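Below is one structure; the comments refer to it alone.
The values are calculated or read from the model by the stated rules, or taken from the named source; none is laboratory data. Remember, it's a predicted structure, so these values are computed and weren't measured experimentally. Virtual Cβ from ideal backbone geometry, glycine too; neighbours counted across all protein chains shown.
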Amino acid sequence: MSLMQSSPHGLGSPLPEATLGDPYGRSFRLSSLVGPKGLLIAVTCNHCPYAQAVWPRVIELARRSKTLGIATVAVNPNLNPAYPDDSIDGMKAEIDRRGIDFPYLADAGQSLVRAIGAVCTPEFFLYDGKGLVYHGRLDDDWKDPGKVSRQDLREAVEALATGRPMPSDQKASLGCSIKWV
C-alpha cells in the first residue's frame, strides 16, 4: 500500500466520454448515468483500507444524493492480478456484501481515471451539467466515522442540488495509489 494524496484537477473540466462495464457484463456510457442535477464518481476499490473504511459512508451518501437528483457511480481502476480482491469476482462479492445499489464499474484500461486525473482510492469527483465542480475527499476522518466533523463531499452534493455556491476550500483525498498498468 502506497499512501497518495489527490491533486487539484481542472475544476470546470467536462465529464469525459467513457463506456465502462460492470462485473456482470453490462456496459454503461458514463454520460447516460448523469442524474438531473449531476453525477458523483467515486474512484475506489476493494483492497485498500482507506476505501474499505469509507464504503458504508459512500453508499449512504449515494442514497441521499439520488433523492437530490445526483446519480452515483463507483469506478474500480485496480484490475491488477497482484490485487485479487479488486478482480471482477471481487467486485461482485463487494456489491453483494455491501448492498451497493448503484453502478460499480471496472476501468480495466484506466482510461477514465487517467482522463479525470485520479491518483488514489478513494477519490471523489462531482460533475454538474457543465463540468467538474468538486474534486477531493469524502470527509475529514477516513478511519472513524464517529470522529467526522466536516462532511466535505456531502456539503458539495447539497450545494449542487440546491444551486448554492460550491465550497471553495476543497481538500485533497488520501488513499492507496492506483495500481497503474
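Would you please name the residue that is surrounded by the fewest Cβ atoms within 10 Å (Cβ to Cβ), looking only at residues in region 110-127 that are among the hydroxyl-bearing types (Ser, Thr, Tyr) and touching a strand residue (DSSP E or B) at 6+ places or on another chain (Cβ under 8 Å)?
Out of the qualifying residues, it is Tyr127.
Among (1) on the phi < 0 side of the Ramachandran plot; (2) more than 14 Å from the chain's Cα centre (by Cα); (3) touching a residue at least 40 places away in the same chain (Cβ under 8 Å), there is one condition Phe125 misses while meeting the rest; what is its number?
(2)
What about Ala42, is it in contact with a Ser or Thr (Cβ under 7 Å, 6 or more places away or on another chain), at pLDDT 95 or above and part of a helix (DSSP H, G or I)?
no
I need the full set of residues from region 104-154 which are within 22 Å of Ser168 (Cα to Cα), among the charged types (D, E, K, R) and in contact with a helix residue (DSSP H, G or I) (Cβ under 8 Å, 6 or more places away or on another chain), in order please.
Answer for region 104-154, where residues must be within 22 Å of Ser168 (Cα to Cα), among the charged types (D, E, K, R) and in contact with a helix residue (DSSP H, G or I) (Cβ under 8 Å, 6 or more places away or on another chain): Asp128, Arg137, Asp139, Asp140, Asp141, Arg154.
Which of the residues spanning region 142-172 are under 17 Å from the mean Cα position of the chain (by Cα) and at pLDDT 95 or above?
Result: Gln151, Asp152, Leu153, Arg154, Glu155, Ala156, Val157, Glu158, Leu160.
Being closer than 15 Å to Val58 by Cα, without any contact (Cβ under 8 Å) to a residue 60 or more places away in the chain and either in contact with a strand residue (DSSP E or B) (Cβ under 7 Å, 6 or more places away or on another chain) or buried (at least 23 other Cβ atoms within 10 Å of the Cβ) (or both) narrows it down to one residue among Asp152, Asp141; which is it?
When all the criteria are applied, what remains is Asp152.
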